[in-house]
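Okay, structure first, notes after.
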Amino acid sequence: MKKPDNLKLCLKSPRNQKTIITIGKVKVGSGFTMIAGPCSVESEEQTYKTALPLKEAGIDILRGGVFKARTSPYDFQGLGFEGLKILKKVGSELELPVITEVLDTRDVEITASYVDILQVGSRNMQNFSLLKEVGLSDKPVLLKRGMSSTIEEWLNCAEYILEKGNPNVILCERGIRTFETFTRNTLDMAAVPAIKLLTHLPIFVDPSHGTGDPELIEPMSLSAVGAGADGLMIEVHHNPEVAMSDKAQAIDPSRYSEIFNKVKKMSAFMEKSIK
């Protein structure tokens, strides 16, 4: 594999073989980390009803979208700053770190004051102004791969964040757009070992967006463990049928718990640790 020659900070070196990011009691990059939660924060009741059984299942980090980048301007766009307050409140009550996506450079500072991890979504992977802004933050950043980006382009975007002084970058493979239409996206599992060969940064997999099909989330989650991923991000809703966004790919907490237990066993087999 040819290593990109224009990257200075994210490639492996004798000095830096593996980045471990500490978020409260969670150490991303050491063992296996589970992120789960609703696509959108819809209300305090919905967020709590989803998060409580996830906490009981053993997740490490709670996800919830408050600013939503939607294909249609008429779709639910999220609760915004009110959603941030709800996410922080539920996370604090359950003693779970929280992650949410930020869309606008103007919202980075205030969003960072409510959450433990900032997410840059696939649509914003090459929003260079946003990358620079989150690079100035002291909060870890989860950077999703763009839907049509190469691995080198993805790593260059991570480089933007690192270059601004933020060393805590988590990469997330969430599927790319190909000619295949059976699944929502084509989950590029080969990207996981490729990233491991190239960079010291941790790599997660999002099988929810990667497949768009609840029936495929379990096998692709197990595949991610086998490929060497450092964690998973899965969309869960207490009642997927009424979810205000991405209900077709959401699973309920009981199904998530089944997947979590299988991932735990697979992770142990792969000589990793998981709570």
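With the condition kept exactly as written, say whether any residue in the range 174-189 is acidic (Asp, Glu), in contact (Cβ under 8 Å) with a residue 12 or more places away in the chain and closer than 29 Å to residue 52 by Cβ. No: the range 174-189 contains no residue that is acidic (Asp, Glu), in contact (Cβ under 8 Å) with a residue 12 or more places away in the chain and closer than 29 Å to residue 52 by Cβ.
Just so you know, in the range 18-29 the residues that are of a type outside the set (D, E, K, R) and assigned to a strand (DSSP E or B) include one that is surrounded by the fewest Cβ atoms within 10 Å (Cβ to Cβ), and it is 22. Annotation note: of 153, 159, the sole residue that is touching a residue at least 40 places away in the same chain (Cβ under 8 Å) and surrounded by fewer than 24 Cβ atoms within 10 Å (Cβ to Cβ) is 159. Could you list, in sequence order, all residues of the range 210-223 that are touching a residue at least 40 places away in the same chain (Cβ under 8 Å) and touching a strand residue (DSSP E or B) at 6+ places or on another chain (Cβ under 8 Å)? The answer is 214, 217, 221. For the range 123-146, indicate whether the set of residues that are surrounded by 22 or more Cβ atoms within 10 Å (Cβ to Cβ), β-branched (Val, Ile, Thr) and more than 17 Å from the chain's Cα centre (by Cα) is non-empty. No, because not a single residue in the range 123-146 is surrounded by 22 or more Cβ atoms within 10 Å (Cβ to Cβ), β-branched (Val, Ile, Thr) and more than 17 Å from the chain's Cα centre (by Cα).
In the range 111-122, which residue that is among the hydroxyl-bearing types (Ser, Thr, Tyr) and not in a helix (DSSP H, G or I) is surrounded by the most Cβ atoms within 10 Å (Cβ to Cβ)? By that ranking, first place goes to 114.
For the range 135-161, the set of residues classified as part of a helix (DSSP H, G or I) and either farther than 30 Å from residue 181 by Cα or not acidic (Asp, Glu) (or both) consists of 135, 151, 154, 155, 156, 157, 158, 159, 160, 161, listed by residue number.
Every number here is computed from the coordinates shown, using simple stated rules; none is lab data. Just so it is clear, the structure is predicted and the values come from calculations on it, not from any experiment. Every residue, glycine among them, receives a Cβ derived from its backbone with ideal geometry; neighbour counts consider all protein chains shown.
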